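*Asks:* Questions regarding the structure given below will be posed in turn.
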Amino acid sequence: MATFTKLPSGKWRAQVRRQGMYRNETFTRKRDAESWAKQVEIQAEHIVASGYQPVPEGYSVADLIDGYALECNMGGRTKQATHAMLRRELGNIPLKRINSIHLRDFIDKRLAAGAGGVTIAADLSFFGAILKWGKHSRRMDLPTDLALNARRDLTARNVRTRSKERDREPTPAELEQLFAHWRDNNRQKIPMATLCAFALATSMRQDEICSINIEDVDVAKRTVIIRDRKDPKNKEGNHQTVPLLPAAWAIVESALQLRKVGRVFPYQASSVSTAFTRACTKLKIVDLRFHDLRHKATTDLFSVGLTIPQVALLTGHKTWTQLKRYTHTKPADVHAALLALTGTKPGAA
């Protein structure tokens, strides 16, 4: 029960003891104290019944998003931009009233703005993570399945939520064009030919290549530690030691002769991507990205006879489902592998 005490100052102190919970607050007017006490009692009953507290009055979606941002790692620019967009589009809604209609309208607006299904699905996943944080970290009674159900609605609306798998790889002729272009371009400050050769020899991502530290290279074992390697479940601390095969080691060995500390390739990943795209545009090479080198490198690793676990160690993939997106094995590759193993040509008796 709540008790109210008039203080010598003329103000009112409200005290609530209920279900093992104690709260007190001071108000100028008694009716404000009584209103506050009633809300606290309702909250206490709700916590006992559900294990979670009701969403406070006046608490908005923006308040929840801001709380999440203060406590959780906001990651890179993409996550920060999504956070800002969700706050802008949904922030004014009272949190206790957020429902499926709000998310329906959100999806409509995102589609009208030209966002694709993959992007919208990612937006909803992020919002779902914020709702789960509010429920389990702040112990608020929130509908955590709201965003998940909205994602399912995308499928019912025939909105594609999975990105189209790329099978683009650079051809030998395209690589020859690119390497010749960089070799003859005296104004090219970033050694793009070296970086691309390293990517083809390792299957590493461009940001992984540009973040390798000399201190993480083991000369005796010819390995390198890739720190915070991309992983859907482990955002930080996913360090992985990978071998440097002969072609990759030759490039690193040359770099070690130039410097003893710092990064092996001291260039920004974004600058490398820009330089690659600029060269493709100049040479009229259509729809080729730096990341496509990773596809070719992975396919080449299989073609020389490495096993799935061995290739996965180099690429960083945890499952075959993830890895197979980067392999583009053709029927001719199977025939060539059989010939190498057994000396038997296709159709031979």
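The values are calculated or read from the model by the stated rules, or taken from the named source; none is laboratory data. These figures come from a predicted structure and were not determined experimentally. With ideal geometry, Cβ positions are generated from the backbone for all residues, glycine too; neighbour counts draw on all protein chains shown.
*Asks:* Sort out which residues of the stretch 279-310 are without any contact (Cβ under 8 Å) to a residue 24 or more places away in the chain and hydrophobic (A, V, I, L, M, F, W, C), and write them in order of number.
*Replies:* Once the filter is applied, which keeps residues that are without any contact (Cβ under 8 Å) to a residue 24 or more places away in the chain and hydrophobic (A, V, I, L, M, F, W, C), the stretch 279-310 yields Val286, Val304, Leu306, Ile308.
*Asks:* Here's another thing I want to ask about it. Pick from Asp228, Asp207: which is at pLDDT below 95, in a loop (DSSP other than H, G, I, E, B) and under 29 Å from Thr78 (Cα atoms)?
*Replies:* Matching residue, one of Asp228, Asp207: Asp228.
*Asks:* Please determine, by comparing only the residues of the stretch 155-178 that are at pLDDT below 90 and hydrophobic (A, V, I, L, M, F, W, C), which one is nearest to Pro191 (Cα to Cα).
*Replies:* Val159
*Asks:* Then there is this: Which pairs do you get when a residue that is within 18 Å of Asp66 (Cα to Cα), found in the stretch 85-109, comes within reach of a residue that is at pLDDT 95 or above and part of a loop (DSSP other than H, G, I, E, B), reach meaning Cβ atoms under 7 angstrom, with the pair 6+ apart or on two chains?
*Replies:* That search, which allows pairs on different chains as well, returns nothing.
*Asks:* Look through the stretch 311-325, keep the residues that are without any contact (Cβ under 8 Å) to a residue 12 or more places away in the chain and not basic (Lys, Arg), and return whichever of them is nearest to Asn238 (Cα to Cα).
*Replies:* Result: His317.
*Asks:* So, restricting to helices (runs of 4 or more DSSP H) that lie completely within the stretch 51-164, which ones have at least 2 residues that are closer than 30 Å to Ser270 by Cα and out of contact with any helix residue (DSSP H, G or I) (no Cβ under 9 Å at 6 or more places or on another chain)?
*Replies:* Per the criteria, 77-90.
*Asks:* Let me ask another. Having 3 or more residues that are over 28 Å from Ser211 (Cα atoms) and at pLDDT below 90 is the bar; report the helices (runs of 4 or more DSSP H) wholly within the stretch 245-349 that clear it. Give the derivation first.
*Replies:* Numbers: elements: 246-256, 269-283, 292-303, 308-315, 320-323, 331-342.
Answer list for the stretch 245-349: 331-342.
*Asks:* Being at pLDDT below 90, at negative phi and outside the structural domain of Phe127 (by TED's automatic domain parsing) is the requirement here; does Gln19 meet it? Full working, then the answer.
*Replies:* Values: at pLDDT below 90: yes; at negative phi: no; outside the structural domain of Phe127 (by TED's automatic domain parsing): yes.
For Gln19, the condition - at pLDDT below 90, at negative phi and outside the structural domain of Phe127 (by TED's automatic domain parsing) - is not met.
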